[in-house]
Amino acid sequence: MTQAAPWQLEILGLRSARGDYCWLDLAAPPEWQSRPGQFVNIRCDDAADATVSGQEIPWTGDGLPDAPHGRHLHGPSPLVRRPISISRLIDDGDGSRRLVLLVRVVGSGSQLLSNRKAGDRLDVIGPLGNGFDLGGPARRAVLVGGGCGIAPLVGLADALAASGRSVTVFYGERSADRVPLPLPESARPTGDGVVALRGTPQLPGADLILATEDGSLGFKGRVTDAMAAWGASCGWDDAELFVCGPDVMMAAVAALARVRGVERCQVSLENYMGCAIGVCLSCAVKIRADNAQGWTYKLVCRDGPVFEAGDVIFENKWEGCKK
Ligand SMILES: Cc1cc2nc3c(=O)[nH]c(=O)nc-3n(C[C@H](O)[C@H](O)[C@H](O)COP(=O)(O)OP(=O)(O)OC[C@H]3O[C@@H](n4cnc5c(N)ncnc54)[C@H](O)[C@@H]3O)c2cc1C
């Protein structure tokens, strides 16, 4: 098991993609080992300017305190690391390996990451979390991603295909201009038709089915509607689900799995977190338990981020999940 202690990893490349995303390649140390679904916690600012430990942070008791070097707990240069999934671990064949990350620029941390350059070093803690369980018996793997939830599914698709399973990846977004995956010319709007793109560059061993809410690419509608249409013709026998995306989407997929009798459905949660090592408790989530109240708190960083969907209490974020 690779030590999670901070690593200074060189950025080998940074490529922007549609939808405010960027792909980031980092040089992995030789001893690095990680499983699909694990993540890293990244210091987004320049680590060389980030020596705050041991310094007192002045605080007037009003709002969040100022940090040394003019930085703030919230603001242009966040003190708290940001968790990012490991999309892929690529062996380049000459003894060197690359960690591939997919980052969506949504705030100050991801903005700082996207502004870094090849040759810079990133202060990274990882690999963290449990990762997906690839040991299930089902021969058909159905992966479902929404937004930046596609990130951990890329390497997962590789691993599942390598283990001999048929892999279908559903990817839902609001519109075509937010899809970060490189796509072939044949990718186009398909209305209420579910069309699989075979062997796309980031998903060479999988069928990719796109769904956009505005219909500008692939199936027109939610990703769960595309799954229902696909399931009506392909069925759900011998299938296992692996899901990552907004809670509301994961709750809907979990409900579909239950209704269609899909026994195993793993969800990777993306709750806010601070330390990512089980100390700050900010990523607590309610998990069903055999106790008087019927649930207990678990930590997404330490016990997850991957859980059995049926164990997660999605907190009424989607009414359908109560049925
Ligand atoms: C285990 C894990 C893996 C992740 N993997 C990836 C990944 O591979 N790629 C990626 O782009 N992002 C990933 N994320 C999400 C990423 O860590 C957050 O988006 C992060 O907060 C971005 O930092 P920021 O400073 O740019 O934005 P912030 O300033 O932190 O947030 C900007 C906006 O996004 C919203 N937001 C931020 N985080 C969350 C969240 N967890 N849930 C709901 N809304 C949120 C905020 O409310 C705010 O509106 C992952 C999160 C977790 C917990």
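Relative to the Cα centre, the charge distribution of region 182-311, modelled as +1 at Lys and Arg Cβ and -1 at Asp and Glu Cβ, gives a dipole magnitude of about 200 debye. Compared with the direct C-alpha span, the chain from Ile313 to Arg139 gains 59.9 nm at full extension, assuming 0.36 nm per residue. Counting only DSSP H runs of at least 4 residues, each contributing -39500 (n - 2.57), and dividing by the residue count of the chain, the helix-based mean residue ellipticity at 222 nm comes to -4500 deg cm²/dmol. Think of the chain as a dipole: +1 on every Lys or Arg Cβ, -1 on every Asp or Glu Cβ, centred on the Cα centre; then among Ile11, Val285, Gly261, Gly261 lies furthest on the positive end. Computed from the alpha carbon positions, the gyration tensor of region 89-185 leads to an equivalent ellipsoid with semi-axes of 25, 20, 14 Å, biggest first. Multiplying each eigenvalue of the alpha-carbon gyration tensor of region 140-267 by 5 and taking the square root yields semi-axes of 20, 17, 14 Å, largest first, rounded to whole angstroms. Kindly express, to the nearest 10 degrees and within the range 0 to 90, the angle between helix 247-259's C-alpha long axis and the longest C-alpha principal axis of the chain. Computed tilt is about 30 degrees.
At the listed q of 0.07, 0.08 Å⁻¹, the Debye profile of the chain, built from one uniform point per Cα, gives log10 I(q)/I(0) equal to -0.29, -0.38.
Just so you know, all these numbers are worked out from the coordinates, no wet-lab data involved. As the structure is a prediction and not an experimental result, all values here were calculated from the model. Methodologically, a virtual Cβ is constructed for each residue, glycine included, from the backbone with ideal geometry; neighbour enumeration extends over all protein chains shown.
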